[in-house]
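K.L.:
For reference, the structure I am asking about is given below.
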Amino acid sequence: MASRLLFLARHGEQDRPDAEADTGLSARGRRQATLLGERLRGARLDAVHHGPLARAAETAALVGAELPGVPVGSDDRAGDHMPHDTDPAGLPERHAAFLTQFSERERREGPRVTAGAVARFATAPAEGDVRELVVTHNFLVAWLVRHALEAPERRWIGLAYANCALTVIRYSSAGPPTVVALNDAAHLPPELRATGLPDDYRF
């Protein structure tokens, strides 16, 4: 039986997240990434993949520093892109307004890149037991969870993942995907667990 255990993590807290520049991590984000790497020491990972933006690349580098011998590499499919050109009709006003920020190009190209990510990461391998970490962004984690659960396509909206929290999905040749863990931040101290979430989602 072939299986892929896919570990997904949103990047650490971004430095100056409101800046238009592609900034790296804040001091808290760097600490989150290091703790994530420590958490994954026993996971027997085969590889760490990350999106091309600075915050994802820096997170992956810090995670990789805690995992000697595990290759770390960039993959555009793990980037920050709109996963689905969702019709805002019938959505709550907050979510409908959120969708208006995307350009025509983003609505066209994002789903294409996301389809590539699904084909690469969200399947069982041809053989063996594969274990990989993808350091990415909220949208792709949301899409892959939605995909695993066979939820309606628009349900990627409204799913929120904390910085450096872990989501784990198992893909097996023997059956449908299994969501093993969701937004698990047990490796982070309380003051680092809720960053990246809207204020009204925190508890």
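The values are calculated or read from the model by the stated rules, or taken from the named source; none is laboratory data. Quick caveat: nothing in here was measured; it's all calculated off a predicted structure. Here Cβ is always computed from backbone atoms with ideal geometry, including for glycine, and neighbour counts include all displayed protein chains. Areas reflect the complete protein model, heavy atoms only, side chains present, ligands, DNA and RNA absent. Shrake-Rupley method; radii C 1.70, N 1.55, O 1.52, S 1.80 Å.
K.L.:
Restricting to region 1-26, name every residue that is under 20 Å from Pro198 (Cα atoms) and open to solvent by 70 Å² or more (accessible area, probe 1.4 Å).
P.N.:
The answer is Arg16, Pro17, Asp18, Glu20.
K.L.:
Determine the pairs where a residue that is on the phi < 0 side of the Ramachandran plot, located within region 82-102, has a partner that is open to solvent by 70 Å² or more (accessible area, probe 1.4 Å) and among the small types (Gly, Ala, Ser) with Cβ atoms under 9 Å apart, the partner being 6 or more residues away or on another chain.
P.N.:
Note: pairs meeting the criteria are Ala96/Gly90.
K.L.:
Filter region 57-77 down to residues that are in contact with a Lys or Arg (Cβ under 9 Å, 6 or more places away or on another chain) and under 18 Å from Gly110 (Cβ atoms) and give me whichever is most open to solvent (accessible area, probe 1.4 Å).
P.N.:
Looking at residues that are in contact with a Lys or Arg (Cβ under 9 Å, 6 or more places away or on another chain) and under 18 Å from Gly110 (Cβ atoms), I get Arg77.
K.L.:
Another question, if that's okay. Could you run through region 159-203 and say how many residues are hydroxyl-bearing (Ser, Thr, Tyr) and not in a strand (DSSP E or B)? Step through it out loud before you land on a result.
P.N.:
First pass over region 159-203, keeping only residues hydroxyl-bearing (Ser, Thr, Tyr): 161, 167, 171-173, 178, 195, 201.
In the following step, the residues that additionally are not in a strand (DSSP E or B) were identified as 161, 173, 195, 201.
The total comes to 4.
K.L.:
A further question on this structure: Counting just the residues of region 120-144 that are closer than 16 Å to Asp184 by Cα and of a type outside the set (A, V, I, L, M, F, W, C), which one comes out most open to solvent (accessible area, probe 1.4 Å)? Don't jump to the end; show me each part of the working.
P.N.:
If we filter region 120-144 for residues that are closer than 16 Å to Asp184 by Cα, which is where we start, we get 133-138, 141-142, 144.
Add one more test, that the residue is of a type outside the set (A, V, I, L, M, F, W, C), and what stays is 136-138.
Numbers: Thr136: 0, His137: 4, Asn138: 28 Å².
So, considering only residues that are closer than 16 Å to Asp184 by Cα and of a type outside the set (A, V, I, L, M, F, W, C), the one most open to solvent (accessible area, probe 1.4 Å) is Asn138.
K.L.:
For region 86-103, state whether one or more residues are open to solvent by 60 Å² or more (accessible area, probe 1.4 Å) and either at pLDDT 95 or above or assigned to a strand (DSSP E or B) (or both).
P.N.:
No.
K.L.:
So is Ala142 touching a residue at least 24 places away in the same chain (Cβ under 8 Å) and within 24 Å of Ala47 (Cβ to Cβ) or not?
P.N.:
Working: touching a residue at least 24 places away in the same chain (Cβ under 8 Å): yes; within 24 Å of Ala47 (Cβ to Cβ): yes.
Yes.
K.L.:
Could I ask something else about it? Which ranges mark the strands (runs of 3 or more DSSP E) fully within region 3-83 that have 2 or more residues being at pLDDT 95 or above and within 29 Å of Leu99 (Cα to Cα)? Before the answer, list the steps.
P.N.:
Values: elements: 3-10, 47-50, 72-74.
It comes to 3-10, 47-50.
K.L.:
Within region 95-148, which residues are among the aromatic types (Phe, Trp, Tyr) and farther than 26 Å from Ala2 by Cβ?
P.N.:
Initial filter on region 95-148 (among the aromatic types (Phe, Trp, Tyr)): 98, 102, 121, 139, 143.
Answer for region 95-148, where residues must be among the aromatic types (Phe, Trp, Tyr) and farther than 26 Å from Ala2 by Cβ: Phe98, Phe102, Phe139.
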